[in-house]
Structures are given as structure tokens and as C-alpha cells.
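S.K.: Questions regarding the structure given below will be posed in turn.
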Amino acid sequence: MKHFWVFLSLTILLFTNSFAQKPDKLTSAELFHEIQKLNFLGTALYVAAHPDDENTSLISYLDNHEKARTVYLSMTRGDGGQNLIGSELVELLGVLRTQELLAARHIDGGEQRFTRAIDFGFSKHPKETLKIWDKDKVLADVVWAIRNIQPDVIINRFDHRTPGSTHGHHTSSAVLSMEAFELANNPNVYPEQLEWTTPWQPRRIFYNTSWWQYGSQEAFEKVDKSNMVKLDVGTYYPELGLSNNEIAAMARSQHLCQGFGRLTDRGADNEYIELLKGDMPKNHDVFEGINTTWSRVKGGEAVGEILYKIEENFDFQNPSKHIPELVKAYQLLQKVEDEHWKTLKSEELKNIIQAAAGLYLEASSASSSATPGSKVTINIESINRSSPSITLKKIEIVGANAHLTPNKILGNNQKESFEISFAVPENTSYTSPYWLNEPGTLGIYTVNDQSLIGKPETPSAFKAVFTLVIDGVDIPFEKSVVHRYSRPDRGELYEPFAILPEVTSKIDEKVLIFASADTKEVQVKVRAGKNGVSGTVALNHPSGWVVSPKSIPFSIAQKGEEISVIFNVTPPNTESEGKIEPKIKMGNKVYDKELVEIDYDHIPKQSVLLPSEAKVVRMDIKKSGEHIAYIMGAGDMVPENLEQIGYQVHIVDPNDIQNGDLDKYDAVVVGIRAYNVVEALKFKQSVLFDYVKNGGTMIVQYNTAGRWASQFENIAPYDVTLSRDRVTDENAEVKILVPNHSLLNFPNAITKKDFDGWVQERGLYFPSEWSSEFTPILSMKDEGETEKQGSLIVAPYGEGHYIYTGLSFFRELPVGVSGAYKLFANMLSVGKDEVKRDSNVKG
């Protein structure tokens with residue numbers, strides 16, 4: 001346990017600063033709200049599986065109404081979903097969704113934690129989920145979270161008693177929570193954790209039930225609720241000027257990559273939580289019977305005596321008048337033996353002192369990034385906007401050997417500015433999500449540092465600690481070093497300050513398809529992380545492939561500048577696949593990372609370092625046709641992938657198409673979930689169907705059943721009923737139903753072998769019913785289920801063909817699955833073998 005209190009302190013500081021690029025500036029009413037929270041010593045843990053699973057109404061209610069510390073534990077970072085606002089998928093999507101969760105918690109007041117589990121895609125049963133996740137490791141992470149957070153109550157989003165009725169990840173989160181509730185207080189369970197933490201037993205655990213669990217509102221009204229707590233989560237907060245449900249909607253709207261932007265709502269709204277274990281609280285009070293006052297902590301009564309009086313007599317016009325008493329409470333708190341509450345409440349109290357004094361403390365780097373060994377200048381701003389005497393005693397940069405001792409009195413509203421310069425230590429770690437530093441498995445990230453497990457993001461490389469003397473007491477205030485700047489079109493902006501390599505490389509195309517043995521040019525982009533870099537670039541490649549030249553020299557003058565070098569890559573004559581990896585040599589160092597920047601307005605800019613590499617695939621693939629019209633949906637990489645095998649793909653805006661406009665294209669492809677998100681398609685169905693009737697080929701990829709952007713009579717020229725049918729086992733056997741169909745034979749012969757090597761799933765949202773004009777091509781199923789024949793259906797319509805497919809091409813093509821490319825080429829070519837035969841006969 002020797003590291004525990006250091007770990008806890010760093011954890012609290014991380015959460016305090018996790019969204020601190022743009023500093024909070026509290027009104028006196030908001031400050032009063034925080035004092036109310038300061039005087040409540042209770043904790044709730046909300047448990048679910050993914051970003052967006054959390055009930056923001058309940059999290060906000062627990063934090064803002066009950067005034068409890070409230071933490072959302074998400075098993076995963078949402079890596080397996082889709083992205084409605086950009087191209088980030090898989091691990092990059094997990095980074096984006098992590099930040100969206102932090103943005104949501106910044107609004108609803110909660111904190112955020114994770115396990116190492118990976119969202120590997122839809123799972124039908126917790127048995128599959130827990131096998132892929134490695135149950136013991138994820139259970140250890142849940143126990144770790146409980147021991148560190150020390151919740152009095154746990155609330156599960158999902159029901160552990162209904163396996164197979166919902167997403168396997170959902171049920172698994174509840175199963176793990178229930179088991180951890182029983183294990184967290186046992187010192188013989190995961191004893192290695194006790195070097196850093198202590199056993200803990202929560203008082204009670206609930207399930208966040210609702211009418212949907214019972215099928216309808218009417219059915220729920222008849223349910224015996226004697227074992228349930230009812231909470232009105234529509235309560236109004238006068239000090240904030242907001243209803244709880246307004247806050248919840250604003251928090252949920254941060255999940256923009258999932259399309260969860262929504263209107264705010266007001267008014268009474270009941271939530272129910274069902275007791276699973278522990279004692280039943282009375283009077284619908286989640287914390288009934290739990291001491292949540294300062295008397296909970298030995299030595300805390302004296303602290304509480306001061307703070308309760310401040311709350312009772314708070315001066316909204318002049319909060320700074322409470323600073324002497326706040327400082328006295330801080331002094332007394334430092335004598336408390338309970339390190340858990342001392343650490344938590346010290347940070348809360350310091351934030352309140354800072355707000356009451358109108359203190360603004362900032363450490364901003366002149367640049368957004370630096371490299372190990374480089375010189376950094378930090379601009380310090382400090383101002384006291386209150387009458388109490390405050391002295392800036394010392395400023396220290398944690399992570400570097402740099403400090404100032406100004407011993408400067410901060411006069412009321414008199415800004416003081418300083419500079420601190422230092423060399424970044426050579427051993428400083430790069431700024432990148434810690435869970436991506438090592439290769440993981442399909443189901444779990446590799447994190448070797450126990451102290452990092454569960455944290456939402458990587459701690460800042462450098463922090464500035466301002467030691468202020470307030471009423472004769474030294475109080476340290478910690479601020480992450482940030483980069484503050486302005487843009488004419490956006491005003492003042494904040495970014496995290498990142499430590500990055502001296503040079504990074506990138507191959508834009510993550511999969512390079514060689515449909516013949518011809519040589520291709522491969523462009524490698526080299527980006528400088530500092531001024532004046534030079535060296536050579538080589539390209540590692542698989543055996544049997546030829547790359548020339550062997551290496552290419554480069555020189556870059558300016559930091560942030562990017563140049564390109566070109567290699568000629570020749571594949572073998574036979575089918576082959578592997579990786580090519582740029583290696584940059586500068587002196588005795590070799591650099592092999594790619595820098596990916598994720599930059600959206602609603603989250604802080606993210607710097608992600610990944611292995612610089614691309615997959616190369618030599619496949620024998622034939623195609624018919626050349627020009628493809630593509631209507632984008634929720635976002636995918638299919639257009640770029642089709643260009644890899646020689647198609648010219650034209651992105652078409654459905655708002656612009658008129659009758660006859662599509663006739664010049666060999667096929668029209670509709671992107672994933674287009675009918676869910678593209679309003680204009682409602683008005684263009686007749687144009688699309690006329691194109692097919694006149695001899696065109698139309699391919700519609702998967703759409704989510706029942707989530708239409710507009711009301712469609714049908715997405716196909718014949719009746720099709722979409723369902724939630726899916727096959728999640730990417731290795732599930734695929735049966736070919738009509739082996740002689742042209743779609744399976746022209747221009748490529750498709751066999752069962754072409755379904756080897758698929759990733760994440762076979763497909764999703766298959767049609768369950770279709771008219772007789774359609775021919776189902778394939779059959780597949782998950783273990784223990786009935787055969788699903790709706791993954792790929794095709795129908796002639798007029799002179800052309802319409803195809804609907806729920807096969808997950810949007811996942812398979814970007815990772816270079818050969819069989820998926822061949823099958824997609826055949827879909828684009830459907831019917832053209834007949835045209836070819838006819839032309840041969842006429843010739």
C-alpha cells in the first residue's frame with residue numbers, strides 16, 4: 001500500500017484536469033453549488049459497457065441533486081462502433097469516444113473510468129463476451145475501480161439476470177459488477193492490487209430498471225415496486241438555472257460521433273432503481289442510512305463545522321469574504337487521517353478557494369508540442385481578483401527541473417506574468433493514449449502500469465504547481481501545462497501540450513491492393529516534430545516483395561512541415577500479403593511512429609502515436625466497369641478501397657441528382673446507414689430506381705432497422721423488411737446457396753475460401769423478409785441459431801439489378817480482406833457477364 005495515497009492524489013488531479021484545457025470560471029451561484037457538494041461525503045458508481053450506455057439523467061441527479069461524487073465506469077471505450085462525424089474507427093474511434101465521455105461528464109458533473117476491455121463489436125451472449133475479454137482481467141479492473149473509488153452505492157445500467165436478451169457486452173458489465181461487489185472487500189482477491197489500494201465494501205447495489213424492461217408503460221405500472229427506489233430526475237436547480245434533464249440532454253449531446261445530439265427537456269421524470277444486494281433504503285433516498293456528513297471522517301467534524309456555516313451563510317455578492325474560513329477548513333483537513341477523503345476533499349476545497357478569490361492561474365506553452373531534449377518556454381499568468389492578501393510563493397514545473405520563487409504579493413486585480421524555460425528531459429514519454437502503447441488482443445488492451453488502469457486518459461507530461469500563501473497558509477494549486485492561442489475565425493482556443501517524436505511518418509493508404517504484378521508508387525509522408533531534421537527513410541517489406549530505392553535521404557527545415565518521398569513497390573507474381581513499415585534513421589535513432597491528430601470542436605485535440613505501417617495485398621482480382629457513383633452515409637472508407645482495385649469512384653450528393661444523371665455510371669453504391677442519416681434520399685428513390693430499371697446496378701449497404709432519417713415506403717424497388725438479424729462470429733461458416741449465380745462467378749469465382757480472414761463480424765441488420773423477386777445468395781449463422789439468408793440478396797429490376805447487403809464490407813475492405821474485395825467487384829459487375837456474352841454473340 002506504500003504507493004496508494006500518491007496514486008490517489010494523482011488520480012484526483014487527473015480527473016480535475018482531464019477537461020481543464022479551457023478553465024472553468026464559476027459564478028457565485030455555481031460556487032455555492034460546489035460548496036454543497038463539498039459538504040456531502042458519499043459516492044455512487046454507475047456501471048455499463050460503452051460510451052452512450054450511461055444514463056446521464058441519473059448521473060447528473062446523483063451529482064447535482066444528491067451532491068454525491070458520481071463516477072461512470074464504462075467497460076469499453078466504444079472502439080467497435082461507427083462514426084457519424086469523421087473517419088476514425090476502431091482504436092481511433094475509442095480515443096474520440098473517450099473524449100466525448102469526458103465532455104459529457106464535464107457537463108453532468110460526473111467522473112469517468114474504464115477497464116481494459118475492448119469493444120470488439122456486437123456480441124450476442126455474455127459467455128462469448130467474457131471469453132474474448134478475458135474475464136479475470138476485466139473483473140480485476142472492476143474490483144480495482146471499486147477499491148479506488150470506494151462507492152457507497154453501485155448502480156448497474158443492465159440486468160445480469162437476462163443473458164442473451166441484449167448486447168453481450170451489456171449483460172457482461174452487470175455480471176462483472178455483481179461479482180466485484182462481493183469480491184472487492186476480500187484481501188485475498190487480487191492481492192497484488194493492495195500495494196496501491198485497500199479493500200472496500202459498497203453498502204448496496206441496484207439495477208437501473210425501466211418500463212422497457214417490462215415491454216410497455218402499462219405493464220410496468222402493474223409491477224410490484226416495493227424493491228425499487230423512485231427518483232424524480234427532472235428536478236430544477238435554481239442556482240444553476242437548469243433542470244436536471246436539461247443538463248442530462250446537454251451531456252448526452254456530447255456523443256456526436258454516435259449522432260446523439262438532442263433537444264433539451266424539462267419537467268418531472270421518474271427513474272427507478274431496483275435493489276439487488278444490500279439493505280433497502282427508505283423514503284426513496286439512495287444514501288439512506290449511510291453517513292454522508294463530515295462526521296463520517298475522524299477529525300472531520302471540525303472541518304464540517306466551518307463549512308456548514310459557510311454554506312448556510314454564503315455571500316453571493318462577495319464570496320471572497322469566506323476565504324479565511326475556507327483556508328482554516330483546509331488546514332484542519334490536512335490533519336485528517338482518512339487519506340481517501342482528505343485527498344478528495346482537499347482538491348474540491350482548493351477549487352472553491354480559487355473560485356472564491358477569483359484566482360486565475362495558467363501555465364501556457366508558446367507551442368502546442370515539443371520533443372524530448374528541446375527547450376520549452378512556459379508563460380505564467382496569475383491574478384487575484386479579491387481583497388484578501390495572497391502571495392505567489394513558488395511555481396514549480398512537475399516533470400522538469402524548473403521553478404521560480406517570485407514571492408510576489410498578488411494585488412487585487414493586478415496581473416502578474418512570468419516565464420519559465422527548461423529542456424524537456426530525454427526520457428520524457430511521448431503524449432499518446434496509454435492503452436495503445438502496446439499491442440493488445442481482440443478483447444483487451446495491454447496496460448502494464450497498474451496505476452494507469454482505468455484512467456480516462458494519459459496524465460499530462462508537465463504540470464505547473466503554484467504555491468500560494470493565503471492567510472498565512474501554503475496551498476498548492478496544480479495546473480496542466482496547456483497551449484493557449486487564438487484564431488481570427490474562432491477566437492481564444494486551448495490545446496493540450498504534447499510531447500512528440502522528432503519525426504513521424506505516414507502512409508495514407510492503410511491497405512494497398514495489388515490486383516496484378518505491376519509496380520506501384522508508394523508515397524511516404526515525413527513530418528518534422530522540430531526545426532532542422534534530416535536523415536534517411538527506408539521501407540521494410542515482406543519477403544518476395546521488391547522495394548526501390550533501398551533508402552531515401554530527406555531534410556526538413558521547419559517544425560510541422562511535411563514532405564513526401566516515393567518508393568516503387570513490386571509485388572510477387574502469386575497471391576501474398578504482409579506489411580510495409582517506414583523506418584526513419586536520424587543519427588543513431590530510428591523512428592517508426594505515425595502521428596494521428598483528432599481535432600473536433602467539442603473535444604480537446606488528441607495526439608495519437610501508432611505504428612507507421614500499411615498492409616500490402618497481392619491478389620488476383622478481375623473487375624468489370626470503371627465508373628462508380630457513391631452516395632455517402634454515416635461514413636466509411638469503401639470509396640477509397642474501391643479505388644485501390646482500379647475503379648474511379650465519384651462521390652455524389654443525392655440533393656443534386658436528377659433523372660438521367662446516373663446513367664453514365666456502371667454502378668451506384670449507397671454507403672452504410674445512408675437511409676438512416678441522409679434526408680434527401682427520401683426524395684430521390686424514384687431517380688435511383690429508374691437508373692436500375694434502365695440497366696444500372698444499385699448496391700445498398702446495411703442500414704439500421706427502424707432508424708430512418710425520413711419515412712421510407714421501401715428502400716428497394718420490391719418489398720424488403722430489415723431486421724436486427726446479424727452474424728457476429730467472423731469465422732461463422734458461410735454456405736453458398738446458388739453456386740451458379742453470376743454474382744458468384746463473374747468476373748471472379750467466389751468460394752468458401754473467400755470468407756476466410758474476415759474481421760469483427762460477418763454482417764448486421766440483415767433483411768428477414770423479402771419479395772420473391774429477390775434471390776438470397778448466402779446463408780450463415782452464429783452458433784446455436786437458425787440460418788440467416790438475408791446477408792446478400794439480389795433482384796433484377798427492369799434491365800438492371802438491385803442488391804441489398806448487410807455484409808460488413810465497411811470493416812473488411814479497409815483491412816484488406818481479399819475475398820471481400822472479390823465479392824464486391826462481382827456485385828459491381830452483376831449482369832455484365834450477360835452483356836459480355838451478348839456482345840460476343842453479336843460480334
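S.K.: Output the number of residues of the stretch 530-550 satisfying the condition of being of a type outside the set (S, T, N, Q), out of contact with any Phe, Trp or Tyr (no Cβ under 9 Å at 6 or more places or on another chain) and within 29 Å of THR377 (Cβ to Cβ).
M.R.: Counting residues in the stretch 530-550 that are of a type outside the set (S, T, N, Q), out of contact with any Phe, Trp or Tyr (no Cβ under 9 Å at 6 or more places or on another chain) and within 29 Å of THR377 (Cβ to Cβ) gives 2.
S.K.: Residues of the stretch 55-87 being of a type in the set (Lys, Arg), surrounded by 24 or more Cβ atoms within 10 Å (Cβ to Cβ) and farther than 29 Å from ASP599 by Cα, which ones?
M.R.: First, the residues of the stretch 55-87 that are of a type in the set (Lys, Arg): 67, 69, 77.
From what's left, surrounded by 24 or more Cβ atoms within 10 Å (Cβ to Cβ): 69, 77.
Across the stretch 55-87, the qualifying residue is only ARG69.
S.K.: While we're here: Taking the residues in the stretch 553-577 that are part of a strand (DSSP E or B) and over 37 Å from the mean Cα position of the chain (by Cα) as candidates, determine which candidate is nearest to GLU509 (Cα to Cα).
M.R.: Initially, the stretch 553-577 is screened for residues part of a strand (DSSP E or B), giving 553-556, 562-570, 576-577.
Okay, now just the ones that are also over 37 Å from the mean Cα position of the chain (by Cα), so 553, 570.
Values: PRO553: 22, THR570: 16 Å.
Per the criteria, the residue is THR570.
S.K.: How many residues are under 15 Å from ILE353 (Cβ atoms) and in contact (Cβ under 8 Å) with a residue 60 or more places away in the chain when one looks only at the stretch 282-310? I'd like the intermediate steps shown before the answer.
M.R.: Taking the stretch 282-310 and keeping what is under 15 Å from ILE353 (Cβ atoms), we get 303, 306-307, 310.
In the following step, the residues that additionally are in contact (Cβ under 8 Å) with a residue 60 or more places away in the chain were identified as 307, 310.
Final tally of qualifying residues: 2.
S.K.: Here is a follow-up. Out of (1) in contact with an Asp or Glu (Cβ under 9 Å, 6 or more places away or on another chain); (2) charged (D, E, K, R); (3) at pLDDT 95 or above, the odd one out for GLU787 is which?
M.R.: In the conditions (1) in contact with an Asp or Glu (Cβ under 9 Å, 6 or more places away or on another chain); (2) charged (D, E, K, R); (3) at pLDDT 95 or above, GLU787 misses (1) alone.
S.K.: Okay, moving on. Please name all residue pairs, on different chains or six or more residues apart, with Cβ atoms under 8 Å, provided the first residue is in the stretch 118-135 and is of a type in the set (D, E, K, R) and the second residue is assigned to a helix (DSSP H, G or I).
M.R.: ASP119/GLY94; ASP119/HIS169; LYS124/GLY168; LYS127/GLY168; GLU128/GLY168; LYS135/LEU176
S.K.: Another one. For ILE352, state whether it is outside any strand (DSSP E or B) and within 23 Å of SER28 (Cα to Cα). Break it down stepwise before answering.
M.R.: On the way: outside any strand (DSSP E or B): yes; within 23 Å of SER28 (Cα to Cα): yes.
Considered against the rule, which asks whether it is outside any strand (DSSP E or B) and within 23 Å of SER28 (Cα to Cα), ILE352 comes out as yes.
S.K.: Another question, then. So which residues in the stretch 297-332 are under 26 Å from THR43 (Cβ atoms) and among the charged types (D, E, K, R)?
M.R.: Residues satisfying the conditions are LYS298, GLU301, GLU305, LYS309, GLU311, GLU312, GLU325, LYS328.
S.K.: Let me ask something else about it. Does the stretch 517-531 contain at least one residue that is assigned to a strand (DSSP E or B), at pLDDT 95 or above, over 23 Å from LYS622 (Cα atoms) and among the β-branched types (Val, Ile, Thr)?
M.R.: yes
S.K.: Touching a Lys or Arg at 6+ places or on another chain (Cβ under 9 Å), over 26 Å from PHE32 (Cα atoms) and touching a residue at least 40 places away in the same chain (Cβ under 8 Å): which single residue out of ASN270, ASN245 fits that description?
M.R.: Values: ASN245 fails: over 26 Å from PHE32 (Cα atoms).
Being touching a Lys or Arg at 6+ places or on another chain (Cβ under 9 Å), over 26 Å from PHE32 (Cα atoms) and touching a residue at least 40 places away in the same chain (Cβ under 8 Å) holds for just one of ASN270, ASN245, which is ASN270.
S.K.: When you check LYS836 against the structure, is it of a type in the set (Lys, Arg), farther than 28 Å from ASN714 by Cβ, modelled with pLDDT under 95 and not in a strand (DSSP E or B), yes or no? Step through it out loud before you land on a result.
M.R.: Working: of a type in the set (Lys, Arg): yes; farther than 28 Å from ASN714 by Cβ: yes; modelled with pLDDT under 95: yes; not in a strand (DSSP E or B): yes.
Yes: the conditions hold for LYS836.
S.K.: Here's something else I'd like to know. If a residue must be in a loop (DSSP other than H, G, I, E, B), out of contact with any Asp or Glu (no Cβ under 7 Å at 6 or more places or on another chain) and loosely packed, with under 13 Cβ neighbours inside 10 Å, how many such residues does the stretch 400-435 contain?
M.R.: Qualifying residue count, the stretch 400-435: 7.
S.K.: Now for a separate question. In this structure, is ASN659 at pLDDT below 95 and under 18 Å from GLY816 (Cβ atoms)?
M.R.: Values: at pLDDT below 95: yes; under 18 Å from GLY816 (Cβ atoms): no.
When the stated conditions are applied, ASN659 does not pass them.
S.K.: Could you pull out the residue among PRO747, PRO796, PRO814 that is within 23 Å of ASP690 (Cα to Cα) and surrounded by 14 or more Cβ atoms within 10 Å (Cβ to Cβ)?
M.R.: Working: PRO747 fails: within 23 Å of ASP690 (Cα to Cα); PRO814 fails: within 23 Å of ASP690 (Cα to Cα).
Criteria check complete, one pass: PRO796.
S.K.: I need a count of the residues in the stretch 722-765 that are out of contact with any helix residue (DSSP H, G or I) (no Cβ under 6 Å at 6 or more places or on another chain) and assigned to a strand (DSSP E or B). Talk me through it step by step, then tell me what you get.
M.R.: Quick first cut of the stretch 722-765, residues out of contact with any helix residue (DSSP H, G or I) (no Cβ under 6 Å at 6 or more places or on another chain) only: 722-733, 735-741, 744-745, 747, 749, 751-753, 756-757, 761-765.
Subset that is assigned to a strand (DSSP E or B): 722-727, 735-736, 763-765.
Going through the stretch 722-765 one residue at a time, the tally reaches 11.
S.K.: Looking at this structure, is VAL303 closer than 30 Å to PRO476 by Cβ, touching a Phe, Trp or Tyr at 6+ places or on another chain (Cβ under 7 Å) and surrounded by 16 or more Cβ atoms within 10 Å (Cβ to Cβ)? Write out each step before concluding.
M.R.: On the way: closer than 30 Å to PRO476 by Cβ: yes; touching a Phe, Trp or Tyr at 6+ places or on another chain (Cβ under 7 Å): yes; surrounded by 16 or more Cβ atoms within 10 Å (Cβ to Cβ): yes.
For VAL303, the condition - closer than 30 Å to PRO476 by Cβ, touching a Phe, Trp or Tyr at 6+ places or on another chain (Cβ under 7 Å) and surrounded by 16 or more Cβ atoms within 10 Å (Cβ to Cβ) - is met.
S.K.: Just checking, which of LEU194, LEU240 is touching a residue at least 24 places away in the same chain (Cβ under 8 Å), more than 30 Å from THR728 (Cα to Cα) and more than 29 Å from the chain's Cα centre (by Cα)?
M.R.: Details: LEU240 fails: more than 29 Å from the chain's Cα centre (by Cα).
One residue alone meets the criteria, LEU194.
S.K.: Whether any residue in the stretch 716-727 is touching a Ser or Thr at 6+ places or on another chain (Cβ under 9 Å), surrounded by fewer than 21 Cβ atoms within 10 Å (Cβ to Cβ) and either closer than 20 Å to TYR821 by Cα or among the polar types (S, T, N, Q) (or both) is what I want to check.
M.R.: yes
S.K.: Kindly indicate whether GLU438 is surrounded by fewer than 20 Cβ atoms within 10 Å (Cβ to Cβ), at negative phi and in a loop (DSSP other than H, G, I, E, B). It would help to see each step written out before you state the result.
M.R.: Working: surrounded by fewer than 20 Cβ atoms within 10 Å (Cβ to Cβ): yes; at negative phi: yes; in a loop (DSSP other than H, G, I, E, B): yes.
Taking the combined requirement at face value, the residue satisfies it.
S.K.: Let me ask another. Can you pull out the residues in the stretch 770-784 that are under 35 Å from the mean Cα position of the chain (by Cα) and loosely packed, with under 15 Cβ neighbours inside 10 Å? Break it down into steps so the answer makes sense when it comes.
M.R.: Of the stretch 770-784, the ones under 35 Å from the mean Cα position of the chain (by Cα) are 778-784.
Across the stretch 770-784, the qualifying residues are GLU783, GLY784.
The values are calculated or read from the model by the stated rules, or taken from the named source; none is laboratory data. Note that the coordinates shown come from a computational prediction; the quantities given were computed from them, not determined experimentally. Neighbour counts are summed over all protein chains in view; Cβ atoms, including those assigned to glycine, are modelled from backbone coordinates with ideal geometry.
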